[in-house]
Amino acid sequence: MPPSANHSQGSEWTAGRAWFATTHWTVVLAAGRCDSTRAAQALEELCRTYWYPLYAYVRRQGRSPHDAQDLTQEFFARFLAKNYLTEVSRDKGRFRSFLLAALKHFLANEWDKAKTVKRGGSISFIPWDEAEVENRYQVEPTPELGADQLYERQWALTLIDRVFGRLGEECITAGKGELFEKLRIYLSGEKSAASYAVAAEQLQMTAGAVQVAVHRLRRRYGELLRAEIAQTVERPEDIDGEIRHLFAALRV
């Protein structure tokens with residue numbers, strides 16, 4: 001499991017609330033009832049990032065793969081076409097909770113309408129491969145989880161995947177792609193001195209240099225984790241609580 005992140009000392013946080021106000025979810029909330037192109041784009045980007053946890057939720061509710069795909073696509077089409085901010089509680093300003101509440105609202109009130117849409121006739125919001133997305137669901141290692149728990153777990157995994165992806169891209173850009181691939185396992189916890197020695201030999205570095213590199217990767221990981229979570233909560237003071245919640249979701 002990735003390490004919990006302390007408050008970043010990176011330059012991105014020196015801007016404080018002025019910087020935070022530019023994050024995706026705060027842009028959407030600030031727009032409120034107003035027509036805002038920027039807010040619409042921010043909301044769509046968030047939805048494209050976190051669509052799979054919703055699909056997993058619908059499947060865990062007992063829907064067939066085809067119905068789950070249609071319902072998820074139809075939900076996003078309607079979600080983005082309507083101002084759901086006026087219909088569903090913001091639930092303490094967390095996009096994670098808001099999105100699930102909106103889906104539940106849709107399933108409870110729109111299913112009769114949605115099921116009349118012919119397969120393939122609705123708007124395709126997510127360009128997915130049907131077999132691939134269902135295979136992803138079938139290899140879910142925790143079949144005993146309820147729909148809500150599965151949603152939380154998949155949300156956390158999606159977020160962490162994005163953080164690892166961003167960190168990897170940064171390392172590749174800096175010419176340190178091999179370093180990242182060899183040392184990424186150290187982001188999930190402490191390793192033995194022997195394992196550091198193995199990595200050092202593979203990278204032709206000293207064990208001490210490997211430890212320094214791991215420390216820097218962990219620090220940057222923490223910065224990127226906080227930045228990613230900041231996109232989905234309303235206030236900076238919510239970040240630590242969201243981190244604790246998501247790591248707890250991974251432990252179930």
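Values quoted throughout were computed directly from the atomic coordinates according to the rules given, and no laboratory measurement underlies them. Please read these numbers as outputs of a predicted model, since none were measured by experiment. Neighbour counts run over all protein chains shown; Cβ positions are idealised from the backbone, glycine included.
Can you tell me which of 43-53, 169-179, 242-252 comes out highest on packing, and rank the rest after it, using the mean Cβ neighbours within 10 Å?
Most protected by this proxy first, the peptides run 43-53, 242-252, 169-179.
How far is it, in nm, from the label point at Leu107 to the one at Leu203 when both lie 7 Å from their Cα along the line to the Cβ?
Going by the 7 Å Cα→Cβ label model, 4.4 nm.
Tally Lys/Arg at +1 and Asp/Glu at -1 over every other residue whose Cβ is under 12 Å from the Cβ of Thr142; what's the total?
Spelling it out: positives minus negatives among the neighbours equals 0.
Identify all aspartates and glutamates with a Cα-Cα distance to Lys82 below 15 Å; exclude those on the same chain that are fewer than 8 residues away in sequence.
Asp35, Glu44, Glu74, Glu110
At a Förster radius of 41 Å, what calculated FRET efficiency corresponds to the Cβ-Cβ distance of Arg251 and Glu44, to the nearest 0.05?
0.85
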